[in-house]
Amino acid sequence: MISRKELFFQIVLHILVLLFYSFDRNDPGIDGFQIWSFLSYALAAAFITYYLMPRFLYRKKQWAFFGWVALVIFAVILIEEFILEQIFFAGTRRARIFPGIYFALFDVLPIIVILSGFKFGWDVLQKQRQIDELTSTIQESELQFLRSQINPHFLFNNLNNLYSHALENSAKTPEIILELSGVLRYMLYECKEKFVPLAKEIEQLHNFVKLNKLQIEERGKVNFNTQNIASDHKIAPLILIVFIENAFKHSQSGQSSNITIDIDLRLEGDTLKFYCKNNFKASEALDTVAKGIGLENVKKRLELLYPNKHRLDINRKDENFEVHLELELEKTKAQ
């Protein structure tokens, strides 16, 4: 079925081509021969574009397609020479002398090529639009899948910590539950959009850091600094939290004291610079953490959400683990 847009496009195209085809400065106007000749060209072009292209060209049967096209053009030439010219130029020299295929092609071929070429271009644009829509759908599905992995991953890790405190009858267990519920509420209900306000995301990072500080207690020190955080920028949710979560896991895996975690966030223009550093003691558990689902997840999300707009460096030096991330952020639209 032809859409209304395509039908309108074809009507305008045929009118314009007819006007150019019939234009003659010395003999203005359109005569009957030109109308019927153009009609035969248009029918031939329609047969090529709506039958031969889908049946042969788009199925990669190029030789069959071009063979049929040659037959169609030859048929149009015969119709023009032996029917239309005999009707409109009966008894004249033009009606008695066949000018030859070479000269006839200059009348027939350009019109059919133009009409067919524009239809081919229309099909290409429509196909590209479908591909773009499909790509966008696949990308959105992949992002939803990646985000769906974050909540169970986060919940699993923190429930383990909560279980340890509960076994010890820690007085901080109720506070941990309260902070955990607040962070989960944000993850489940408040960050469903593709992008969220930067200030809101950083507020949740503060809550997350506070939650994890309760687990470290007196075993170390956590520094969380922010600078120049504007309220008119937005960021993909749950990107930075993965690095902070890994920092706490790295530090607590293999060591029970002297934990040091430094987190720095600053906005320079539209570029967000994130730095996270933590110390650790080498162990097999650390290798498992470093290769876990969280980092691979966030790397994939960065590729999908910030293509050519981010730089991520993760370094493991001596007994320190460092993450440097730069993101080019967009501003929220003015209300």
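The values are calculated or read from the model by the stated rules, or taken from the named source; none is laboratory data. Worth saying up front: this structure is predicted, and the values here are computed from it rather than measured. Neighbour counts run over all protein chains shown; Cβ positions are idealised from the backbone, glycine included.
Looking only at the range 217-243, count every residue that is buried (at least 17 other Cβ atoms within 10 Å of the Cβ) and not charged (D, E, K, R) and tell me the total. Show your work before the answer.
The initial filter retains those residues of the range 217-243 that are buried (at least 17 other Cβ atoms within 10 Å of the Cβ), namely 220, 222, 224, 233-243.
Next, from what is left, pick out any that are not charged (D, E, K, R): 220, 222, 224, 233, 235-243.
Going through the range 217-243 one residue at a time, the tally reaches 13.
Of everything in the range 26-46, what is surrounded by fewer than 19 Cβ atoms within 10 Å (Cβ to Cβ) and under 36 Å from the mean Cα position of the chain (by Cα)? Give them in sequence order. Give the steps one after another, and end with the answer.
Going through the range 26-46, the residues surrounded by fewer than 19 Cβ atoms within 10 Å (Cβ to Cβ) turn out to be 26-36, 38-39, 42-43, 46.
Of everything in the range 26-46, just one residue is surrounded by fewer than 19 Cβ atoms within 10 Å (Cβ to Cβ) and under 36 Å from the mean Cα position of the chain (by Cα), namely 46.
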Wholly within the range 220-327, strands (runs of 3 or more DSSP E) carrying at least 2 residues that are modelled with pLDDT of 90 or more and touching a Lys or Arg at 6+ places or on another chain (Cβ under 6 Å) | 259-268
List every residue pair whose Cβ atoms lie under 7 Å apart, where the two residues are 6 or more positions apart in sequence or sit on different chains, the first residue falls within the range 31-43 and is closer than 13 Å to residue 108 by Cβ, and the second residue, located anywhere, is surrounded by 17 or more Cβ atoms within 10 Å (Cβ to Cβ) and among the acidic types (Asp, Glu).
-> 37/80; 40/80
Across (1) crowded, with 16+ Cβ neighbours inside 10 Å; (2) in contact (Cβ under 8 Å) with a residue 24 or more places away in the chain, residue 270 clears everything bar (1)
Please give the number of the condition residue 317 fails out of (1) surrounded by 16 or more Cβ atoms within 10 Å (Cβ to Cβ); (2) over 16 Å from the mean Cα position of the chain (by Cα).
-> (1)
So, of the residues in the range 196-243 that are over 24 Å from the mean Cα position of the chain (by Cα) and among the small types (Gly, Ala, Ser), which turns out to be nearest to residue 170 (Cα to Cα)?
-> 220
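Can you find even one residue in the range 33-45 that is more than 20 Å from residue 124 (Cβ to Cβ) and at pLDDT below 80?
Residues of the range 33-45 more than 20 Å from residue 124 (Cβ to Cβ): 33-44.
Remaining after also requiring at pLDDT below 80: 33-34.
Scanning the range 33-45 turns up at least one residue that is more than 20 Å from residue 124 (Cβ to Cβ) and at pLDDT below 80.
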Tally, over the range 195-249, of residues that are in contact with a strand residue (DSSP E or B) (Cβ under 8 Å, 6 or more places away or on another chain) and acidic (Asp, Glu) = 2
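When residues of the range 47-84 are filtered for being surrounded by 15 or more Cβ atoms within 10 Å (Cβ to Cβ) and not hydroxyl-bearing (Ser, Thr, Tyr), how many remain? Break it down into steps so the answer makes sense when it comes.
Quick first cut of the range 47-84, residues surrounded by 15 or more Cβ atoms within 10 Å (Cβ to Cβ) only: 47-49, 52-53, 56-57, 65, 68-69, 72-73, 76-77, 79-81, 84.
Those left that are additionally not hydroxyl-bearing (Ser, Thr, Tyr): 47-48, 52-53, 56-57, 65, 68-69, 72-73, 76-77, 79-81, 84.
Within the range 47-84, residues that are surrounded by 15 or more Cβ atoms within 10 Å (Cβ to Cβ) and not hydroxyl-bearing (Ser, Thr, Tyr) number 17.
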Only one residue in 35, 83, 11 is out of contact with any strand residue (DSSP E or B) (no Cβ under 6 Å at 6 or more places or on another chain) and over 22 Å from residue 119 (Cα atoms). Which one?
-> 83
